[in-house]
Amino acid sequence: MSFPRDVFEFLTAASVAHARWDYEVSMNIVRNRRKLLMLFILLPILSVMLVEAAEIGRTASASGKPWWLWPLALFIVTFVLGILAVLGGVGGGVLFVPIVGGFFPFHLDFVRGAGLLVALSGALAAGPGLLKRNLASLRLAMPLALIASSAAIVGAMIGLALPTNIVQILLGATIIFIVIVMASAKKSDFPDIAQPDSLSQTLGIMGIYREESLGKDVEWSVHRTPQALVLFIFIGIMAGMFGLGAGWANVPVLNLVMGAPLKISVATSKFLLSITDASAAWIYLNEGAVLPIIAVPSIVGIMLGSIVGVKILAKARPRAIKWVVIGLLLFAGSRALLKGLGIWE
Amino acid sequence: MVEGRIAEEQAAYANILNIGMYLGLLALIVTFMVYVSGMLQSFVPVEELPKYWGMKAKDYVHALNAPTGWRWVAMIGKGDYLNFIGIAFLAGLTILCYLAILPILIRKKDTSYVVIAVFEVIVLLLAASGILKAGGH
């Protein structure tokens, strides 16, 4: 009809499409296992690409070459990370902080500030579609988000106050822990809920969604809500302290602790990040820890990389990429740990 | 698709997030292009940034007397701080979404979620206010 309406409908359709791939990619990867051969082939190639791209900028600053080589190098790296994030089923932030923090000369404060904005932008982009498809549940997210976003403020303040080497060590240890969670955590498509807990019943946390694979509507409810709320304190603190998206922790808590179906857990986790990371991002912004020259190319690079990643995924399903991502995280986590300990400067 | 079953407040939240997210990303890209094109003078010239971006944020602020909190608003005429319009908009979008669903929750007499939404707005406003500062050095 009118142009504004056409634009609105286009944006809505785009948002739903974005959410669909974001969710389906995550679901696809979450179930994947091995094929280590691809890991051995791809990991060295990708590692070399990342290090070489970072080296472009390093050389630029050392030799007085044009300043724009730096954001260009960052754009290339984040573009690759965007592809990997989609194929590996992880958030961009969790890859961004250890890799950019480990191989670029930016201070970790600015990297974490940019990392939060990367995770926030991805979550904001996916949020509308996930909510409209009833996969992300606002009712489930709101109480958890209140706890996590409050804790993320504390985490951000701690992270900015701690000495850099301590943050590096803690970041390295956390990334290695994430690797263990990614490699070993079990998932449950439809967890058994014997009895929803009284808090979730009082809050009316329940829902229904269309399960296409079964061709029917699935009703869901949750239990152990108080325990999950406690866990979200820790998740929020870590998200704020390290500037990581926290999907790697959100999903297991929603799925395995609370018993939400896997689809609901993945989608609600993604949406939750838009609230958790917003509160932490404000702290970094107000403390002067956001540099547009780092943040904006990273956001655009990761988003464009994600789009390419989806196209690759539509043609092939390189499942071993999950192990490439795990390998990269292990590499970057070890680098952060050793950098913090002063062993690998 | 089960859009028909979506709660009213969830649909309202999604619609505002949808429009706001695109506006924020558009602002981010446009202001960054203005920044790197050099159309506006920057507070820190881009050529000089490599001298400073290896510093801890606190040291960067001290070395350049860079604005903290909301003092950047007074500097949006500078190319680098112009970018903060999009960044702050994206970071503040969640507050707008919560404020939009509050009347719906109140009308539905959903008291517990009204309380949760009010507290969430307070938490986000507190974070955005700049009152909370990281201590230590």
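For this structure, a couple of remarks:
- Separation between Cα centres of the stretch A:67-106 and the stretch B:40-118, rounded to whole Å: 22 Å
- The angle separating the long axis of helix B:111-129 from the principal Cα axis of greatest extent in chain B is about 10 degrees.
- For chain B, the mean residue ellipticity at 222 nm estimated from helices alone is -21000 deg cm²/dmol, where every DSSP H run of n ≥ 4 contributes -39500 (n - 2.57) and the total is divided by all residues, rounded to the nearest 500.
- Cross-linked pairs A:K216/A:K311; A:K270/B:K58; B:K58/B:K133; A:K270/B:K56: Cα-Cα separations exceed 20 Å for A:K216/A:K311; A:K270/B:K58; A:K270/B:K56.
- A:A183-B:E47 FRET efficiency (beta carbon distance; Förster radius 30 Å; 0.05 resolution): 0.10
- In degrees, nearest ten, helix B:8-37 long axis to first principal axis of chain B (Cα): 10 degrees
- Listing B:T31, A:T78, B:T68 from fewest to most neighbouring C-beta atoms within 10 Å gives B:T68, B:T31, A:T78.
- Look at A:S184, A:S265, A:S306 and count the other Cβ atoms within 10 Å of each Cβ; fewest to most, that gives A:S184, A:S306, A:S265.
- The order of A:V251, A:V80, B:V73, going from fewest to most other C-beta atoms within 10 Å of their C-beta, is B:V73, A:V80, A:V251.
Read-outs: derived from the displayed coordinates by stated rules, not from any lab. Here the structure is a predicted model, which means the values were calculated and not measured. All Cβ positions, glycine included, derive from the backbone under ideal geometry; neighbour counts span all protein chains shown.
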